[in-house]
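Structure provided below as structure tokens; questions to follow.
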Amino acid sequence: MSSYEIGGDDCRKCEIDYFRLINHLICDIQHLASEVVRLRHLLSWHLPKDLGETIRGESLSDLYGSYYDYDAYSDFVSKFCEGNDPLESERYVEHLGKLSNGEESNEFRSLTF
């Protein structure tokens, strides 16, 4: 059961906590997607040529779903991120692009190996 009461400052605190949780989950998604792209690229070089080329060409596909179907995510992006989806930010997309080409990019990675 929640310790929040409906209305006033408790609602604002609840909203902030909810946005903090979503932000943390977004960071986890970014870290995991980064590792998936990096590992797909590495794996692609150990497979038969045609399959490796296919995997390299699709290394950025199906990393995560669309979260805009959820009001919570839309509210988060609108209010907390000023309308800029963190999963579509220029920095993040560039980072994934580097990884998909085999370049090093540690900005959104949580692992250190």
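Readers should treat all values here as calculations from the given coordinates under stated rules, not as data from a laboratory. Everything numeric in this text was worked out from a predicted model, so none of it was measured. Note: ideal-geometry Cβ built from the backbone for every residue, glycine included; neighbour counts use all protein chains shown.
Being out of contact with any Phe, Trp or Tyr (no Cβ under 8 Å at 6 or more places or on another chain), polar (S, T, N, Q) and assigned to a helix (DSSP H, G or I) is the filter here, so list the residues in the range 45-79 that pass it.
Passing the criteria: T54, S78.
In the range 14-48, which residues are within 14 Å of K79 (Cβ to Cβ) and of a type in the set (F, W, Y)?
Scanning the range 14-48 gives Y18, F19.
OK, next. Got at least one residue in the range 54-66 being under 16 Å from D28 (Cβ atoms) and surrounded by fewer than 12 Cβ atoms within 10 Å (Cβ to Cβ)?
Yes, the range 54-66 has at least one match.
Sticking with this one: Inspect all residues belonging to the range 29-44 and state whether any of them is among the small types (G, A, S), in a helix (DSSP H, G or I) and over 16 Å from the mean Cα position of the chain (by Cα).
yes
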